[in-house]
1. With charges set only on the Cβ (+1 for Lys and Arg, -1 for Asp and Glu), what does the dipole of the stretch 106-210 come to about its Cα centre, in debye to the nearest 20?
2. Could you sort 72-83, 124-135 so that the peptide with the highest average Cβ count within 10 Å comes first and the rest follow in order?
3. Give me the dipole magnitude in Debye, nearest 20, for the chain about the Cα centre, with unit charges on the beta carbon: positive for Lys and Arg, negative for Asp and Glu.
4. More than 16 Å apart: what percent of Cα pairs in the stretch 2-60 qualify?
5. Restricting to Cα atoms and excluding each atom paired with itself, what does the Kirkwood estimate give for the stretch 167-210 in Å?
6. Using the Karplus curve 6.51 cos²θ - 1.76 cosθ + 1.60 with θ = phi - 60°, what ³J(HN,Hα) values do you get for each residue of the stretch 65-73, in whole Hz, with x for Gly and Pro?
7. Which values, in whole Å and largest first, are the semi-axes of the equivalent ellipsoid of the stretch 132-210 obtained as the square root of 5 times each eigenvalue of the Cα gyration tensor?
8. What is the chain's relative contact order, in percent, from Cα pairs under 8 angstrom and six or more apart in sequence?
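Coordinate-derived values only; no laboratory data. Computed from a prediction, not measured in an experiment: that's the story for all the values here. Cβ coordinates were reconstructed from backbone atoms using ideal geometry, including for glycine residues, and neighbour counts include every protein chain displayed.
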Amino acid sequence: MTSLSEPRLYETIHRRRDVRAQFTGDPIPTEALERVLGAAHAAPSVGLSQPWDFIVVQDRAIRQAFHDHVQAERSVFAASLEGARAALFRDIKVEGVLDSTLSVVVTYDAERGSPDVLGRHAIADAGLYSVCLAIENLWLAATAEGLGVGWASFYREDFVAELIGLPRGIRPVAWLCLGPVSHLEPRPDLERYGWRSRMALADVVHHDRW
């Protein structure tokens with residue numbers, strides 16, 4: 001929980017949720033969408049490579065095709081569960097693709113800035129980490145704008161690449177559902193459903209060595 005004395009950034013961080021069922025489908029003001037995408041593009045990146053692109057998907061047929069794909073992958077995962085875990089998963093909604101106003105696919109171009117990406121020579125994934133920073137910026141900016149974001153991760157990358165016509169070598173990192181919401185839940189969905197609980201900060205902080 002945050003206190004009223006904390007800066008608004010912290011309040012936004014703790015209020016952010018992975019939205020599934022709370023999208024209203026209302027339009028997103030053009031200026032707000034520009035600000036959200038601008039915040040994503042302002043993220044730090046290794047060697048200032050800016051290896052991301054943002055595909056704004058509004059076409060209903062494309063989103064329907066992705067939704068159907070996600071539901072098929074949901075069934076694959078459900079089949080791997082047994083007993084109480086399987087019963088619990090049946091009630092968990094994993095995406096809001098058709099409920100949200102639009103989607104934003106965030107991609108990674110490993111060749112952008114090559115061959116001399118300053119800071120990536122020893123950590124090949126540094127570019128991918130940069131894309132994740134852009135996603136976090138987008139998420140926090142959207143939350144500050146009163147919008148919800150849901151990361152739909154039940155998909156195969158090759159399917160998404162073909163669906164939205166990505167050039168060879170461009171990797172789809174995140175399919176984000178975006179739009180106004182009725183509310184943001186006080187606790188994450190998976191915590192509310194009893195799937196998993198948030199760990200205490202003290203359990204994940206180490207000093208000097210593990």
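1. Roughly 160 debye, rounded to the nearest 20.
2. Details: 72-83: 11.5, 124-135: 18.5.
With the highest mean Cβ count within 10 Å placed first, the list reads 124-135, 72-83.
3. Numbers: 22 positive and 28 negative charges, 84 e Å.
For this selection, approximately 400 debye.
4. On the way: 1166 of 1711 pairs.
Roughly 68 percent, once rounded to a whole number.
5. Details: mean 1/r = 0.0665 Å⁻¹.
Here the Kirkwood hydrodynamic radius works out to 15.0 Å.
6. Calculated HN-Hα couplings, in order: 4, 5, 4, 4, 5, 4, 5, 5, 5 Hz.
7. On the way: eigenvalues 156, 84, 41 Å².
Over the Cα atoms of the stretch 132-210, the ellipsoid semi-axes are 28, 20, 14 Å.
8. Working: 320 pairs, mean separation 72.2, N = 210.
So the answer I get is 34 percent.
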